[in-house]
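Worksheet: the structure to be examined is printed underneath.
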Amino acid sequence: MNRKQKINPRHVVLAILLVVVMLVFSARLVQYQVIDAKRILDQADTTGVRVATIKAARGEILDRYGRPIAVNREAYNIVFNSAYLPKDRINATINVLVQLLQSHGLEWVDTLPITKTTPFEYSGSQSQVDALISRLNLAHYATAQNCFDQMVKRYYLEGLDTQLQRTIMGVRYSMEQMDFSVSNPYTFAEDVTYEVMQVIKESSNLPGVDVEIVPVREYVDTDIAPHIIGSIGPIYAEDWQELKSKGYTYNDKVGKSGIEKAAESYLKGIDGKITYTLDGNGKIIDSKITQQPVPGNTVILTIDKKLQSVAQTELANLVNSLKATTNGRANAGSVVVVDVKTGDILASANYPSYDMNDYKTRYNELISNPAKPLFDRAFNGIYPPGSVFKPAVALVGLQLSKISPTERINCTRKYTRFEDYQPNCMGRHGNINVVTALSKSCNFFFYETGYRIGIAELNNYCRQLGLGVTTGVEVAESAGILAGPEFSKSRGLTWTLGNTIQAAIGQSDNAFTPLQLAMYTATIANGGTRNRAKLISEVRSYSLANVVKPKETEVLNRVEFSPEAINTVKEGMLSVTEDGTGSAIFKNYPIKVGGKTGTAEAPGGDHSVFIAFAPFDDPEIAVSVVIEHGEKGSLSGTLVRKIFDAYFFTQNEQYTEPDANSLLR
């Protein structure tokens, strides 16, 4: 009798699992060979991926009321794409594009530091020349011609005429410098015309050449505050390694001066990324944006664009009118307007100035102009203050009880304290107190006050008032010069008591910037609080929705002057405009003004200097004016009055972006 064979449950489970696995395998095989066959074939032919950059828009710059100053617009850039540009056609492609651009009067990128015509010489900075020699592996003493000859071989330019060789090697060198590759397209030319863009788009004979639409910088009013706004430019070789680590590409533009440089970290956007998938022939078969670009932040300035325009126009008018009365000696100047309570710079104008459009096209002409239109006189020009220094001397004298508000000093014109040095006052003022001494600008009174104070104590307080020290403004500025033994020693000279009394009337070696004079005036006007001067009010996101850096007032120091000392000096400055040296301008002005005139001795003719604040009872703004060789300080008062007219009697409203379809009038 046969026994029934017992079935092992484990075998059953294994059999079922085997069947399931075979079914899954068969299903996947069908999917691979039938359903996904094309996709898998494409992937098999793919050589790799390329990640390219999507340029982020640079942040915009607005004035304190939201009026646009530096904005962005769309432009056409000619770009080389290494994935499609045959190596053996690079030189021919460059030649075609150069001829196209030349026919339209356009330029292309050429960073080669060698002159463009024979005889070839080095151009550009020494660091650029050194980088060229190093890249070509030549000796440090190699000439420009040596470099030229080496590049003819390096870029296969034999047989071409010399000028064409120089043109093509300029582009090839730039491409090499900027690491032209599949992942790093090269920008051949920027901001080309619509007509050129159309020619390239319609051409079938320019493989690897494309036109990209990119955001570019545009200045709304190209003559408004150029020294403050500054400029942007390409990344130079000497800066590349540092900026590369901060996320820049070689084709990026960076701030080179002014706010464009100072606010670079706020204005720079975060570039996006697009990933291209290439097939076996190197053609793009797929693309995907893997990181959206983030535009830079919006920088809102303290500048009032309308007040800035008035300051520039009226400064130019004043200088040109004084030219006629000074036989042409008065030919330059500046004016600065600041908020007394916050340190905000409301306007800062220079004459002569320049148009930002000319900065690129006429740079060599501007830099060689003897009138120095590129020089920011307001922040970096230093001038003897003359009698506008006297309020500081009066304050220190009163605070240290070297003089009192009621003490009278007898001005006999000649100051005779010293036997070997007896300077004269400009008048014979008799027995006068400090208020009258300020009003009449009596040198005798301040010779004596300066002598009593001494240079060490005087300079200690002057630094606290912001003279001889930087203001803290975001852009480049000069610290000025505070006259004294230390500075004299640096020049190999010995300080004397005669120097002390000259310093007390704003002469000797004293020299300050118009910005320092405005901030010093504001410190007196607000009772002794020295705020940091600033050009950036706040920073917001590109859409203005979010605050990145809030508005703030930074106090640098408080000068411990008694209310009596402050009020006495301010009373003297009021007297200047009501019955003193500035009364011809302000005697019947509807707002009370505190001021001080200065006629500062300088080689080539006296400078005209004026400081003022208003309203007297509750000061809002302070102004300083310096006209080089403008002679009498009172002559600058007309410009101060124009500034006050524009500020107090002109309405300012918050700027509203116009509708896209509205007509701007």
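Coordinate-derived values only; no laboratory data. As the structure is a prediction and not an experimental result, all values here were calculated from the model. Note that we place each Cβ from the backbone using ideal geometry, even for glycine, and neighbour counts take in every protein chain shown.
Fully extending the segment from Asn320 to Ser203 would add 36.7 nm, taking 0.36 nm per residue of separation and subtracting the current Cα-Cα distance. From the Cα gyration tensor of region 319-451, with a ≥ b ≥ c the square roots of its eigenvalues, which class applies: rounded if a/c is under 1.5, or else prolate if a/b is larger than b/c, or else oblate? In terms of gyration-tensor shape, prolate. A convex hull fitted around the alpha carbon atoms of region 49-301 yields 153 Å³ per residue. Annotation for Thr222 and Glu407: the two label points, set 7 Å from Cα along the Cα-Cβ direction, are 5.9 nm apart.
Positive-end ranking of Ala437, Thr650, Leu366 along the dipole of the chain, with charges on Cβ about the Cα centre, is headed by Thr650. Rounded to two decimals, the Cα-based Rg/Rh of region 360-416, with Kirkwood Rh, is 1.35. Longest span of the chain, sites excluded, free of chymotrypsin sites (Phe, Trp or Tyr not before Pro) in DSSP loop with at most 10 other C-beta atoms within 10 Å? The longest uninterrupted stretch comes out as 142-648. Temperature 10 °C, viscosity 1.306 mPa s: under these conditions the Stokes-Einstein estimate for region 381-454, based on its Kirkwood radius over C-alpha pairs, is 126 µm² per second. Based on DSSP H segments of at least four residues, each scored -39500 (n - 2.57), the chain has a per-residue ellipticity at 222 nm of -10500 deg cm²/dmol. Here Arg67, Arg154 are placed in order of increasing Cβ neighbour count within 10 Å, fewest first, which gives Arg154, Arg67. Across all Cα pairs in region 560-658, the calculated P(r) in 10 Å bins from zero up to the longest distance comes to 16, 42, 27, 12, 3, 0 percent per bin.
With contacts taken as Cα pairs under 8 Å and at least 6 residues apart, region 49-301 reaches a relative contact order of 36 percent.
Using C-alpha pairs below 8 Å separated by at least 6 residues, the relative contact order for the chain is 14 percent. Each Lys or Arg adds one and each Asp or Glu subtracts one; over the other residues with Cβ under 10 Å from the Cβ of Ser348, this totals 0.
Neighbour counting of Cβ atoms within 10 Å sorts the residues Ile501, Ile481, Ile285, fewest neighbours leading, into Ile285, Ile481, Ile501. Across the options Thr249, Ala225, Ala139, the greatest Cα extent toward the positive end of the charge dipole of region 49-301 (unit charges at beta carbon of Lys, Arg, Asp, Glu) belongs to Thr249. Around the Cα centre of region 49-301, unit charges on the Cβ atoms of Lys, Arg, Asp and Glu (plus for the first two, minus for the last two) sum to a dipole of about 500 debye. Between Tyr84 and Gln145, the contour length at 0.36 nm per residue exceeds the Cα-Cα span by 18.6 nm. The three principal axes of the C-alpha atoms in the chain carry coordinate ranges of 146, 83, 56 Å, sorted with the longest axis first.
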